[in-house]
Amino acid sequence: MPLRLIFMGTPMFAVPTLRALRDAGHEIVAVYTRTAKPGGRRGLELQPTPIELAARGLGLPVLTPSTLKTPEALDEFRAYHADAAVVVAYGMILPKPILESTRLGCFNLHASLLPRWRGAAPINRAIMAGDAETGVMVMKMDAGLDTGDVAMAERLAITDAMTASDLHDALAPLGGELMARAMSALERGALQLTPQGNEGVTYAAKIDKAEAHIEWNRAAREVLRHIHGLSPFPGAWCEMLLEGTPQRVKILRCESSPGSGQPGSVLDDRLTIACTQGAVRILELQRAGKQPMKAEEFLRGTPLKPPARLS
């Protein structure tokens, strides 16, 4: 028999999993997501989350509670008599009574190879740390921070060309397929759980905007991974002297390039920038208040040549 599932998620990353579970024939009895936030051009219109939009498009009931800690919230959750809950980047801590209120438990899709990169920003941190691979894992949730027993995993190589956006877009559908397989196994009573090891535990702290300043006095690959790990948000930035004034510019994509010089110095007319060891060539960037643009487009309007220097 198909499972009765409560789905809990918020961002676009969670949408493929919701669709995969629905396509697999499971009954999604309720979709929990975060409340709509002001957005739009003037910040005045309430913008539903990607999961709310997807769920309503599928004709599924949507709930946006501000808390799950009240007796009323627990009673409402229990009233669905769900077999299990599936959680994907919901953005709210599930209290222990919620975790224990379904017949088979709550299962989380996490975007790392646990126990590496427990926490809020596993995609960004894996790139920034120079990891060669990452993946998605299905975990049965407990009261800890991503500490539950794991059931299934899919691995994915991280190349130096990948930004956080690229990796996000590759992992999201992979995670949807993995969770659908996990729920199929759970339905058959065949889902095997393995405790996480104690070795290799790392924490993916939420990205702080203070981390976004590019330090050119690092090796080129470290600079590249820093830039790509923060692209497109919040965006790694540096200052360029443009039109006679220092202006903050986000660097969104780059590649390793031969060259050497003082860290931050412009080495040619193609936006190759020296690092402590080696250099990177900027491929895509964004000026304040402007749309992202390719380096070639930027250089047509703003020639930047030696001996210019970025800080």
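Specify which of the listed residues (Gly59, Gly43) is more than 19 Å from Met183 (Cβ to Cβ), open to solvent by 20 Å² or more (accessible area, probe 1.4 Å), outside any helix (DSSP H, G or I) and at pLDDT below 95. Exactly one residue qualifies, and that residue is Gly43. For segment 73-91, state whether one or more residues are surrounded by 19 or more Cβ atoms within 10 Å (Cβ to Cβ), under 22 Å from Gly176 (Cα atoms), of a type in the set (Gly, Ala, Ser) and touching a Lys or Arg at 6+ places or on another chain (Cβ under 6 Å). For segment 73-91, residues surrounded by 19 or more Cβ atoms within 10 Å (Cβ to Cβ), under 22 Å from Gly176 (Cα atoms), of a type in the set (Gly, Ala, Ser) and touching a Lys or Arg at 6+ places or on another chain (Cβ under 6 Å): present.
So for segment 280-294 (the condition being among the β-branched types (Val, Ile, Thr) and without any contact (Cβ under 8 Å) to a residue 24 or more places away in the chain), does at least one residue qualify? So far as segment 280-294 goes, no, none of its residues is among the β-branched types (Val, Ile, Thr) and without any contact (Cβ under 8 Å) to a residue 24 or more places away in the chain.
Looking across segment 1-21, just one residue is over 22 Å from Gly105 (Cβ atoms) and either assigned to a loop (DSSP other than H, G, I, E, B) or of a type in the set (Ser, Thr, Tyr) (or both), and that is Pro11.
With Ser256, Ser311 as the choices, which residue is of a type in the set (Ser, Thr, Tyr), in contact with a Leu (Cβ under 7 Å, 6 or more places away or on another chain) and either in a strand (DSSP E or B) or surrounded by fewer than 21 Cβ atoms within 10 Å (Cβ to Cβ) (or both)?
On the way: Ser311 fails: in contact with a Leu (Cβ under 7 Å, 6 or more places away or on another chain).
The match here is Ser256.
Only one entry in Lys69, Lys37 is touching a Pro at 6+ places or on another chain (Cβ under 6 Å) and either under 25 Å from Leu21 (Cα atoms) or free of Cβ contacts under 8 Å to residues at least 40 places away in the same chain (or both), namely Lys69. Out of Glu187, Glu239, Glu222, Glu133, one residue alone is exposed (fewer than 15 other Cβ atoms within 10 Å of the Cβ) and among the acidic types (Asp, Glu). It is Glu133. Look at (1) modelled with pLDDT of 95 or more; (2) surrounded by fewer than 21 Cβ atoms within 10 Å (Cβ to Cβ); (3) touching a strand residue (DSSP E or B) at 6+ places or on another chain (Cβ under 9 Å); (4) polar (S, T, N, Q) and you find that Thr49 fails only one, number (2).
Going through segment 202-212 one residue at a time, which ones are touching a strand residue (DSSP E or B) at 6+ places or on another chain (Cβ under 8 Å) and open to solvent by less than 90 Å² (accessible area, probe 1.4 Å)?
Step one: list which residues in segment 202-212 are touching a strand residue (DSSP E or B) at 6+ places or on another chain (Cβ under 8 Å), which gives 202-206, 212.
Within segment 202-212, Thr202, Ala204, Ala205, Ala212 qualify.
Which of the following residues is of a type in the set (Asp, Glu), touching a strand residue (DSSP E or B) at 6+ places or on another chain (Cβ under 8 Å) and not in a helix (DSSP H, G or I): Glu177, Glu215, Glu199, Glu239?
On the way: Glu177 fails: not in a helix (DSSP H, G or I); Glu215 fails: touching a strand residue (DSSP E or B) at 6+ places or on another chain (Cβ under 8 Å); Glu199 fails: touching a strand residue (DSSP E or B) at 6+ places or on another chain (Cβ under 8 Å).
Among Glu177, Glu215, Glu199, Glu239, only Glu239 is of a type in the set (Asp, Glu), touching a strand residue (DSSP E or B) at 6+ places or on another chain (Cβ under 8 Å) and not in a helix (DSSP H, G or I).
So is Asp142 in contact (Cβ under 8 Å) with a residue 24 or more places away in the chain, over 17 Å from Gly175 (Cα atoms) and acidic (Asp, Glu) or not? Let's see the steps before the verdict.
Working: in contact (Cβ under 8 Å) with a residue 24 or more places away in the chain: yes; over 17 Å from Gly175 (Cα atoms): yes; acidic (Asp, Glu): yes.
Here the answer is yes, as Asp142 does meet what is asked.
Would you confirm, using the coordinates I've provided, whether Glu27 is charged (D, E, K, R), open to solvent by less than 40 Å² (accessible area, probe 1.4 Å) and either modelled with pLDDT of 95 or more or under 22 Å from Gly175 (Cβ atoms) (or both)? Walk me through how you get there before you give the answer.
Values: charged (D, E, K, R): yes; open to solvent by less than 40 Å² (accessible area, probe 1.4 Å): no; either modelled with pLDDT of 95 or more or under 22 Å from Gly175 (Cβ atoms) (or both): yes.
Taking the combined requirement at face value, the residue does not satisfy it.
All conditions but one from (1) modelled with pLDDT of 95 or more; (2) of a type in the set (A, V, I, L, M); (3) open to solvent by 50 Å² or more (accessible area, probe 1.4 Å) apply to Ala172; the one that does not is (3). Reported count of residues in segment 244-253, each being of a type outside the set (Ser, Thr, Tyr), surrounded by fewer than 18 Cβ atoms within 10 Å (Cβ to Cβ) and either touching a Phe, Trp or Tyr at 6+ places or on another chain (Cβ under 9 Å) or free of Cβ contacts under 8 Å to residues at least 12 places away in the same chain (or both), is 2. Considering only residues in segment 191-235 that are touching a Pro at 6+ places or on another chain (Cβ under 7 Å) and of a type outside the set (Val, Ile, Thr), the one that is modelled with the lowest pLDDT turns out to be Gly197.
Examine segment 270-280 for a residue that is touching a Cys at 6+ places or on another chain (Cβ under 8 Å) and basic (Lys, Arg), and state whether such a residue exists. For segment 270-280, residues touching a Cys at 6+ places or on another chain (Cβ under 8 Å) and basic (Lys, Arg): absent. Beta carbons closer than 7 Å, at least 6 apart along the sequence or on distinct chains, pair a first residue in segment 175-192 that is more than 10 Å from His26 (Cβ to Cβ) with a second that is open to solvent by 70 Å² or more (accessible area, probe 1.4 Å) and basic (Lys, Arg) for Gly176/Arg19.
The values are calculated or read from the model by the stated rules, or taken from the named source; none is laboratory data. Predicted model only: the values in this text are computed from it and were never measured. Cβ sites come from the backbone with ideal geometry, for glycine too, and all protein chains shown count toward neighbours. In case anyone asks, the SASA skips ligands and DNA or RNA and just uses the protein heavy atoms, side chains included. Shrake-Rupley method; radii C 1.70, N 1.55, O 1.52, S 1.80 Å.
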